[in-house]
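Undergrad: Below you will find the structure I want to go over with you.
Read the figures in this text as sums done on the coordinates, not as results from a lab. Values in this document were obtained by computation on a predicted structure and should not be read as measured data. Using ideal geometry, Cβ is built from the backbone for each residue, glycine included, and neighbour counts are taken over all protein chains shown.
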């Protein structure tokens, strides 16, 4: 893929392209909510410098060159021209300041994840392969404190001390998914929404659930975690579809 001349001074180009593809597919799969959600990707060793979507731009229009390059340790970020969304900065700035292991983060209010987050018991039992993927690998935030401005963002990230927990079910507030790369994180986001949908639809039948044993659920989760190259192939295929369609995402 040839890089546009006008973008040649931008750093972290391949990461930008992957991020832009993730935004485009999040919108296509209806996992977004208007212009309210946000993704970020750390680009330096300690994770404090990161790419993030611009303030309230629709995911269907985001291009690689649009992404903001931010510094989590810069207290003047919100006072600068082209500043990010304040709640996005509060959550992702706190995350990249406090959790260097969280390289990529995707936060959405997708329909089924948000339904799950709205239940008094927001746990996700292992009733199929997708739900088992998340067995013992998520944390539930039970203390929602309003929009994720800086103090709320700082509170949220304190729940992410266990590196095994790559997903946070945010009570009253959707889901936050973490990963080492854009491909891994988007793949996890995709499957979490599918898992939440399966569980919600199963509950709607009113019939007894077929729940796996802990041992089987852990075995299944481990097998999926170590399945070779699945997330990378998923992202590669999504970018190939966008390229075939003549999308502007990689510009």
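Undergrad: Going by C-beta contacts inside 10 Å, put 235, 19 in order with the fewest on the left.
TA: Listed from fewest to most nearby Cβ atoms, that is 235, 19.
Undergrad: If I histogram all Cα-Cα distances within segment 101-227 using bins 10 Å wide from 0, what percent of pairs lands in each bin?
TA: It works out to 13, 46, 34, 7, 0, in whole percents.
Undergrad: Taking only Cα atoms, what is the 0 to 90° angle, nearest 10, from helix 182-204's long axis to the longest principal axis of the chain?
TA: Between helix and principal axis, roughly 30 degrees.
Undergrad: Sticking with this structure for a sec: Tilt of helix 13-28 relative to the longest C-alpha principal axis of the chain, in degrees (0 to 90, nearest 10)?
TA: So the helix axis and the longest Cα principal axis differ by about 50 degrees.
Undergrad: What is the extension gain from residue 151 to residue 247, computed as 0.36 nm multiplied by their sequence separation minus the C-alpha to C-alpha distance, in nm to one decimal?
TA: Working it through step by step, the gained length comes to 30.8 nm.
Undergrad: Once a ≥ b ≥ c are taken as the square roots of the eigenvalues of the Cα gyration tensor of segment 165-231, is the result rounded (a/c under 1.5), prolate (a/b larger than b/c) or oblate (a/b not larger than b/c)?
TA: It is oblate, given that a/c is not under 1.5 and a/b is not larger than b/c.
Undergrad: Which value in deg cm²/dmol, rounded to the nearest 500, describes the helix-derived mean residue ellipticity at 222 nm for the chain, given -39,500 (n - 2.57) per DSSP H run of n ≥ 4 and division by the residue count?
TA: The helix-only estimate for the chain comes to -11000 deg cm²/dmol at 222 nm.
Undergrad: Among 20, 195, 83, determine the one that fluctuates most according to a GNM of the chain built with springs between C-alpha atoms less than 10 Å apart.
TA: 83
Undergrad: Please report how far the C-alpha centroid of segment 63-109 lies from that of segment 117-155, rounded to the nearest whole angstrom.
TA: What the calculation gives is 21 Å, centre to centre.
Undergrad: If you don't mind, there's one more thing I want to ask. By average Cβ neighbour count within 10 Å, what is the ranking of 177-187, 65-75 from highest down? Write down the numbers at each step before the final one.
TA: Working: 177-187: 22.1, 65-75: 16.5.
Peptide ranking by packing, descending: 177-187, 65-75.
Undergrad: Within a 10 angstrom radius of the beta carbon, how do 170, 52 rank from fewest other beta carbons to most?
TA: Starting with the residue having the fewest Cβ neighbours, the order is 52, 170.
Undergrad: Another question about this same structure. Which percent of Cα-Cα pairs in segment 26-111 sits in each 5 Å bin, short to long?
TA: For segment 26-111, the pair-distance distribution reads 3, 15, 28, 24, 18, 9, 2, 0.
Undergrad: Kirkwood Rh, the chain, all Cα pairs: how many Å? All intermediate terms of the calculation are to be shown ahead of the outcome.
TA: Numbers: mean 1/r = 0.0540 Å⁻¹.
Kirkwood radius, the chain: 18.5 Å.
Undergrad: Could you check what % of the DSSP bridge pairs in the chain are antiparallel, to the nearest 5?
TA: 85
Undergrad: Would you kindly state how much longer the chain becomes between residue 161 and residue 210 on full extension, computed as 0.36 nm times their sequence separation minus their alpha carbon distance, in nm to one decimal?
TA: 14.5 nm
Undergrad: Helix 214-225 sits at what angle to the longest principal axis of the chain, using alpha carbons and giving 0 to 90 degrees rounded to 10?
TA: Rounded to the nearest ten degrees, it is 30.
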